[in-house]
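So the structure is just underneath, and the comments pick up after that.
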Amino acid sequence: MKSFRADYVFPIYADPIKNGIVTVDDQGKIIAVTESNKPPSGPIQQVSGIITPGFINTHCHTELSHLKDRVKPRGGLVNFIKDVQSLRNTDQQEVLDAIAKADQEMYDNGIVAVGDISNTNNSVAMKKQSKLYYHTFIETFGFLPERATEIFEKAQALQSEFKPGACSITPHAPYSVSKELFKLIKKYSDGPDDNLLSIHNQECEDENKFYRYKLGAFLDLYDHFGMDISYFKPQARNSVQSIIPLLSSKQKVLLVHNTCTNLKDIYFIKRFDKKINWCFCPNANLYIEGRLPKIDLFVDQGFNITLGTDSLASNSKLSILSEMQAIQQKFPSIGLPRLTEWATRNGAEYLGIDDEKGTLAPGKTPGLNLITGLDGFKITPETAVKKLI
């Protein structure tokens with residue numbers, strides 16, 4: 001049994017506790033969270049900083065980890081996609097080594113669970129031995145209607161390689177999945193099994209321009225890949241408004257990035273009976289598009305908000321604390337207690353692991369992080385995270 005006293009403890013399910021004490025057993029299970037005037041028996045280790053649960057990274061691409069520093073920053077999403085595709089044929093051992101290194105980096109940065117996008121089986125071996133919890137999203141690409149069945153069947157085959165680990169089949173993005181493929185995924189999602197969905201959403205203005213008017217840089221992208229999309233007609237709606245009716249009402253949906261999502265989109269989504277969650281990956285937005293979503297628009301709208309790192313192809317590190325720092329720098333009104341909730345409980349709830357992770361409630365094994373180098377509750381350039389448990 002171990003007890004830690006910190007300047008503050010963030011249980012997440014309750015208000016922050018000044019000079020709080022967290023007691024865990026030898027397996028890391030929370031025994032108690034108490035105030036300093038009610039100390040447990042036995043020795044107490046004093047630490048400086050804030051104790052939080054372990055972080056949840058709801059959006060990552062570990063299989064792209066070998067692309068760190070190889071994709072030009074701020075080139076825009078369409079160029080980013082072209083670059084990633086052109087660099088996929090890398091030495092297999094280099095890919096596997098980078099995946100293992102990324103897993104260790106997340107562990108060292110206080111992450112305990114990951115929602116990970118996979119297009120291949122490259123991360124299967126890593127996930128079987130990792131200390132982290134993984135939910136693998138088998139991502140489907142296919143904007144040509146005639147290929148929908150073939151692509152979906154391939155996704156099912158890949159999914160079987162990740163089982164019995166947590167995994168599901170998901171669309172990649174509105175601009176890369178045909179209505180026919182969306183319908184196949186919806187039919188599958190409406191079935192008896194859980195099938196969490198995670199969709200890249202509105203990462204650039206050209207995505208909305210393509211859906212509304214069939215104009216913009218995505219036309220060049222399809223031409224680059226030799227695709228005839230003459231069948232596609234302008235929808236007169238933003239991309240997210242166009243695909244929301246195609247999604248299952250049974251499954252939780254994570255809309256990721258949301259760089260160009262506006263208030264009208266948010267209000268539109270509220271009209272539907274969908275289990276929508278939002279994920280922000282600010283450092284990747286800055287790397288790819290050089291801009292951030294209007295995150296303050298999403299606060300207090302009644303939706304679950306989570307955080308992700310995206311991949312090392314679009315980020316310098318896999319650190320949820322770094323994402324929190326980027327948000328607080330741009331949106332100082334979003335305070336540390338709220339950011340920590342997004343980084344812990346909300347992600348655990350979306351992934352369906354909140355019975356074990358996400359809060360410091362007695363009986364859970366969420367991991368313990370110590371955040372140091374703060375200025376009160378403000379994240380500074382010196383702020384760091386250390387795993388206690």
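Identify all residues within segment 57-82 that are open to solvent by 50 Å² or more (accessible area, probe 1.4 Å) and either in contact with a strand residue (DSSP E or B) (Cβ under 9 Å, 6 or more places away or on another chain) or part of a loop (DSSP other than H, G, I, E, B) (or both); write none if there are none.
Answer for segment 57-82, where residues must be open to solvent by 50 Å² or more (accessible area, probe 1.4 Å) and either in contact with a strand residue (DSSP E or B) (Cβ under 9 Å, 6 or more places away or on another chain) or part of a loop (DSSP other than H, G, I, E, B) (or both): Lys68, Asp69, Arg70, Lys72, Pro73, Arg74.
Somewhere in segment 220-234, is a residue surrounded by 19 or more Cβ atoms within 10 Å (Cβ to Cβ), touching a Phe, Trp or Tyr at 6+ places or on another chain (Cβ under 9 Å) and acidic (Asp, Glu)?
No, the conditions are met nowhere in segment 220-234.
Just for segment 134-150: of the residues that are under 24 Å from the mean Cα position of the chain (by Cα) and among the hydrophobic types (A, V, I, L, M, F, W, C), which one is surrounded by the most Cβ atoms within 10 Å (Cβ to Cβ)?
For segment 134-150, the residue satisfying everything is Phe137.
Can you find, within segment 342-376, the residue that is nearest to Ile276 (Cα to Cα) among those that are open to solvent by less than 20 Å² (accessible area, probe 1.4 Å) and within 14 Å of the chain's Cα centre (by Cα)?
Filtering segment 342-376 for residues that are open to solvent by less than 20 Å² (accessible area, probe 1.4 Å) and within 14 Å of the chain's Cα centre (by Cα), the one nearest to Ile276 (Cα to Cα) comes out as Tyr350.
Please tell me if Ile269 is buried (at least 19 other Cβ atoms within 10 Å of the Cβ) and more than 15 Å from Phe303 (Cα to Cα).
The answer is no for Ile269.
Would you call Ser322 surrounded by fewer than 21 Cβ atoms within 10 Å (Cβ to Cβ) and either outside any loop (DSSP other than H, G, I, E, B) or touching a Leu at 6+ places or on another chain (Cβ under 6 Å) (or both)?
yes
Quick check on my filter: what residues within segment 43-56 are open to solvent by 30 Å² or more (accessible area, probe 1.4 Å) and among the polar types (S, T, N, Q)?
Once the filter is applied, which keeps residues that are open to solvent by 30 Å² or more (accessible area, probe 1.4 Å) and among the polar types (S, T, N, Q), segment 43-56 yields Gln45, Gln46, Ser48.
Output yes when any residue across segment 186-193 is closer than 26 Å to Gly352 by Cα, touching a Phe, Trp or Tyr at 6+ places or on another chain (Cβ under 9 Å) and in contact (Cβ under 8 Å) with a residue 60 or more places away in the chain, and no when none is.
Taking every residue of segment 186-193 in turn, none turns out to be closer than 26 Å to Gly352 by Cα, touching a Phe, Trp or Tyr at 6+ places or on another chain (Cβ under 9 Å) and in contact (Cβ under 8 Å) with a residue 60 or more places away in the chain.
Can you find, within segment 155-197, the residue that is farthest from Leu219 (Cα to Cα) among those that are open to solvent by 50 Å² or more (accessible area, probe 1.4 Å) and of a type in the set (Ser, Thr, Tyr)?
Residue satisfying both the conditions and the ranking: Ser160.
The values are calculated or read from the model by the stated rules, or taken from the named source; none is laboratory data. Only a predicted model underlies this, so the values are computations on that prediction, with no experimental measurement involved. Virtual Cβ from ideal backbone geometry, glycine too; neighbours counted across all protein chains shown. Keep in mind that these areas ignore ligands, DNA and RNA; they rest on the heavy atoms of the full protein, side chains included. Shrake-Rupley method; radii C 1.70, N 1.55, O 1.52, S 1.80 Å.
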